[in-house]
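Please read the structure below before turning to the comments.
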Amino acid sequence: MPWHVWYNNQQPTTNNQQPTTNNQQPTINNQQPTINNQQIMVQLLVKEESKDWIAIASSLSAELTTTAVERDTKAGLPDVEIQRLRESGLLPLVVPKEYGGTGATWMEALKIVQELSKADGSIGQLYGNHLNLTALGHVSGTSEQKEGYYRETATHNLFWANAINTRDSRLKITPDGEHFRVNGIKSFGTGVAIADLRVFSAVQDGIEVPWLFVIPNDRAGVVSEQDWDNIGQRRTDSDTFTFHDVLVKKDEILGYPHPPNHPFSTFLGIIAQLTKTYVYLGVAEGALTAAKEYTKTQTRPWITSGVDSANKDPYILYHYGELWTQLQAAIALSDRTLTQVQQAWEKETSLTVEERGEVAIAVFTAKTFATRVGLEITNRIFEVMGTRSTASKYGFDRYWRDLRTFTLHDPVDYKLRDIGNWVLNQELPLITQYS
């Protein structure tokens with residue numbers, strides 16, 4: 001069962017009774033992030049005067065590009081990046097206008113994920129996750145949680161992060177009066193250490209499905225082990241977290257969606273898959289852009305090419321032509337799929353099982369192709385730049401390291417199997433956290 005399916009009519013129980021959700025809004029950290037007057041002015045100007053969010057994202061992407069190599073080498077907390085996102089006004093992007101947000105569509109939002117990922121795969125992943133999580137109450141929560149979390153995100157400019165990873169079942173939740181206590185370990189806490197709101201999944205003895213809960217960043221007993229030391233996505237700070245008798249209030253547990261037992265209650269998992277696809281596209285696009293600049297200014301033609309500059313070398317031109325074509329095909333396929341996803345999202349409770357499954361197949365197709373194309377581009381850029389481009393000071397390897405790390409989130413082999421099973425047998429994919 002997927003993490004976001006809450007229609008099994010079970011909730012963590014106290015004395016065999018389900019926790020009731022009252023009309024109070026979700027509990028949010030009372031100590032909001034400190035924002036100075038200058039930052040508030042920036043946010044107000046962005047929200048009230050600018051409607052070109054792609055331009056804002058492009059400007060931020062260009063800024064982050066200048067420090068990308070340094071930040072990749074340093075790794076650690078993405079504090080600078082999240083603060084710049086907060087100042088840019090991009091955090092409440094998908095919060096509907098009626099709750100105080102920007103009201104952007106997923107079509108607009110994921111193109112911004114792509115734009116940010118050109119500069120830094122880590123910030124693209126963190127921002128993409130944040131967007132998905134801001135809508136979590138919409139599909140997996142009560143109507144009160146949906147409204148409450150949307151409003152709090154927009155009002156206080158909150159950043160979300162998570163360690164859901166239902167394959168890691170070491171985190172346990174147990175009843176404690178009318179509330180709950182959580183103990184154990186949870187891995188892959190991407191951006192959690194710096195998030196305002198943190199989403200985790202935990203299991204309760206005797207209950208098959210893991211439960212989601214949302215807690216503020218000042219909740220006592222949550223400890224980051226600071227153990228994220230991977231080759232790529234180094235600024236996601238995806239640490240392991242240890243819980244020591246952490247309080248979780250009953251209203252912080254997500255559920256139920258309304259209506260329950262409906263395809264829309266699992267649809268955010270499909271959006272999360274496509275969000276990752278746009279991170280891949282952005283990283284690949286950033287790699288090709290960086291390679292172009294280097295080739296035009298630093299690369300020398302081969303001695304038997306018969307030309308006096310690298311940008312006239314016939315084989316360099318051939319490689320650029322091939323890589324460019326592949327990238328444009330991947331972007332076009334993903335953009336077509338994004339339109340399907342937006343249309344499905346807008347159907348909400350009128351979405352059928354068949355429609356959900358067919359959109360899932362479209363997303364799997366785009367994600368698989370973007371994975372293959374992205375790995376190809378980030379590897380082959382060195383063929384059009386030459387030996388000197390491998391110098392550490394350039395950091396061109398970070399594109400491949402980021403993409404290689406993030407594309408292992410779930411095996412594309414299983415995506416291809418599901419696609420093939422649909423093509424040949426018209427069988428829709430099994431609903432899981434990854435599908």
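Which numbered condition in (1) in contact with a helix residue (DSSP H, G or I) (Cβ under 9 Å, 6 or more places away or on another chain); (2) more than 30 Å from Tyr399 (Cα to Cα); (3) modelled with pLDDT of 95 or more; (4) buried (at least 19 other Cβ atoms within 10 Å of the Cβ) is the only one that Tyr256 fails?
Tyr256 satisfies every listed condition except (3).
What residue, of Ala272, Ala193, Ala220, is farther than 28 Å from Ala360 by Cα, of a type in the set (A, V, I, L, M) and assigned to a helix (DSSP H, G or I)?
Ala193
Of all residues being part of a loop (DSSP other than H, G, I, E, B) and either among the aliphatic types (A, V, I, L, M) or free of Cβ contacts under 8 Å to residues at least 12 places away in the same chain (or both) in segment 300-340, which is most open to solvent (accessible area, probe 1.4 Å)? Just the residue, please.
Ile303
State all residues of segment 367-410 that are part of a loop (DSSP other than H, G, I, E, B), surrounded by fewer than 19 Cβ atoms within 10 Å (Cβ to Cβ), modelled with pLDDT of 95 or more and not basic (Lys, Arg); if no residue qualifies, say none.
Scanning segment 367-410 gives Gly386, Ala391, Ser392, Tyr394, Gly395.
Within segment 262-292, can you find the residues that are open to solvent by 10 Å² or more (accessible area, probe 1.4 Å), under 19 Å from Leu116 (Cβ atoms) and not aliphatic (A, V, I, L, M)?
Lys276, Glu285, Thr289
Just to be sure before I move on: is Tyr414 surrounded by 13 or more Cβ atoms within 10 Å (Cβ to Cβ), over 30 Å from Thr297 (Cα atoms) and modelled with pLDDT of 95 or more in the structure I sent?
yes
Look through segment 186-208, keep the residues that are among the acidic types (Asp, Glu) and surrounded by fewer than 22 Cβ atoms within 10 Å (Cβ to Cβ), and return whichever of them is farthest from Arg219 (Cα to Cα).
My answer is Glu208.
Considering only segment 223-253, state which residues are more than 29 Å from Tyr280 (Cα to Cα) and either open to solvent by less than 30 Å² (accessible area, probe 1.4 Å) or assigned to a loop (DSSP other than H, G, I, E, B) (or both).
Thr242, Phe243, Val246, Val248, Lys249, Asp251, Glu252, Ile253 - these are the residues of segment 223-253 that are more than 29 Å from Tyr280 (Cα to Cα) and either open to solvent by less than 30 Å² (accessible area, probe 1.4 Å) or assigned to a loop (DSSP other than H, G, I, E, B) (or both).
Take Thr142 and decide whether it is open to solvent by 10 Å² or more (accessible area, probe 1.4 Å) and under 30 Å from Asp72 (Cα atoms).
no
For Val182, are the conditions met, namely being in contact (Cβ under 8 Å) with a residue 40 or more places away in the chain, open to solvent by less than 10 Å² (accessible area, probe 1.4 Å), over 29 Å from Lys367 (Cα atoms) and of a type in the set (A, V, I, L, M)?
yes
Of all the residues that make up segment 145-163, how many are open to solvent by 10 Å² or more (accessible area, probe 1.4 Å), in contact (Cβ under 8 Å) with a residue 24 or more places away in the chain and under 22 Å from Ile271 (Cβ atoms)?
4
The values are calculated or read from the model by the stated rules, or taken from the named source; none is laboratory data. Small disclaimer: the values here were computed from a predicted structure and weren't measured. Cβ coordinates were reconstructed from backbone atoms using ideal geometry, including for glycine residues, and neighbour counts include every protein chain displayed. SASA here: full protein model, heavy atoms, side chains in, ligands and nucleic acids out. Shrake-Rupley method; radii C 1.70, N 1.55, O 1.52, S 1.80 Å.
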